[in-house]
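This report refers to the structure that appears directly beneath it.
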Amino acid sequence: MIDCGDGVARQMMAAGVFRTLRHVFITHHHSDHNADYGTLLLLAWGDDLKTPVDTWGPPPLSRMTKLFLEMSAADLAVREKDEGRPPLRPLVRPHEIRRGGAVMKDDLVTVTCALVNHPLVPIALAYRFDCPDRSIVFSGDTAPSDNLVALAKGADVLVHEALYVPAAPGAPGSALRKHIMDSHTSVEDAGRIATRAGVKTLVLSHFVPAENPPVSDEQWLEGARAHFSGRIVVGRDLMEL
Ligand SMILES: [Zn+2]
Ligand SMILES: [Zn+2]
């Protein structure tokens, strides 16, 4: 699982992959990326999770994990007795990441990460997953990032955030508009980054604006297509690639 925004547990259930939870990778601590971190673990456990889950992300991930388990202690204690579940606490193993480089490796996947640029978040990460059949990179939230280009070199799939500048939130010249422009990537630049990295497929994701005002798939595609000649996908919930 990469990031845990609002509703992620429900969507995992809908996708039929809830019971396969093994690792959680958090790109950065904004609520649209971590709000359901604890809920995901709690609901997976309630759905019969009995095996360890390693979680990865910037500090204070360990403290967040500890505090969430503490907050849920009353429920956990009752369920352990009532429903005969193994204690959740020892199953969750947080790992804090402060710099780019190797993250973890097992038989199925090698994971690496890079620091990206998402002010004012102190540590924001992009992740790369090299699997036997293909390599996939997630940008997380970032302004155009050379570190990300390096991380994504030659990947099969780059999932990149995208901002539609003509409909960017906040009035022109406002602090909100400046923050959005400084910390995100226009859909045109997402196309440029995909070209520089030499990826095969660009998946646009994390749309700003999300819905209001609406931006059509064609408008998203057009922005990236001007700068990237590979396959471009407008990423949507529950999509399989
Ligand atoms: Zn963010
Ligand atoms: Zn975000």
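Of the GluC sites (Glu not before Pro) in region 135-241, the ones in a loop by DSSP (not H, G, I, E or B) with at most 13 other beta carbons within 10 Å are GLU211, GLU240. Annotation: amide H-H contacts under 5 Å for VAL24 (H modelled 1.01 Å from N, sequence separation of 5 or more, or interchain): ASP54, THR55, TRP56. Remark: spin-label model distance ALA35-ARG236 equals 2.2 nm, labels positioned 7 Å along the Cα→Cβ axis.
Here the 3J(HN,Hα) profile of region 214-224, calculated from phi with Karplus coefficients 6.51, -1.76 and 1.60 at θ = phi - 60°, is x, 10, 6, 3, 5, 5, 4, 4, 3, x, 7 Hz, Gly and Pro shown as x.
If the only charges are +1 at each Lys and Arg Cβ and -1 at each Asp and Glu Cβ, what is the size of the charge dipole of region 154-231 around the Cα centre, to the nearest 20 debye?
Details: 7 positive and 9 negative charges, 46 e Å.
Value, rounded to 20: 220 debye.
In the chain, the DSSP-assigned H stretches of four residues or longer account for a calculated mean residue ellipticity at 222 nm of -9000 deg cm²/dmol, using -39500 (n - 2.57) per stretch and the full residue count as denominator.
Need the full-extension length gain, MET13 to LEU120, defined as separation in residues times 0.36 nm minus the C-alpha distance. One decimal, nm.
Numbers: separation 107, 0.36 × 107 = 38.52 nm, distance 3.31 nm.
Value of the extension gain: 35.2 nm.
With the simple model of a label 7 Å out from the Cα in the direction of the Cβ, LYS178 to GLU70 spans 3.7 nm. For the chain, the number of Lys pairs separated by eight or more positions or lying on different chains, with C-alpha atoms closer than 27 Å, is 8. Separation of region 105-141 and region 16-73, taken as the distance between their Cα centroids, equals 18 angstrom. Overall, the chain carries a charge dipole of about 600 debye about its Cα centre when +1 sits on the Cβ of Lys and Arg and -1 on the Cβ of Asp and Glu, all other atoms neutral.
Every number here is computed from the coordinates shown, using simple stated rules; none is lab data. As the structure is a prediction and not an experimental result, all values here were calculated from the model. Here Cβ is always computed from backbone atoms with ideal geometry, including for glycine, and neighbour counts include all displayed protein chains.
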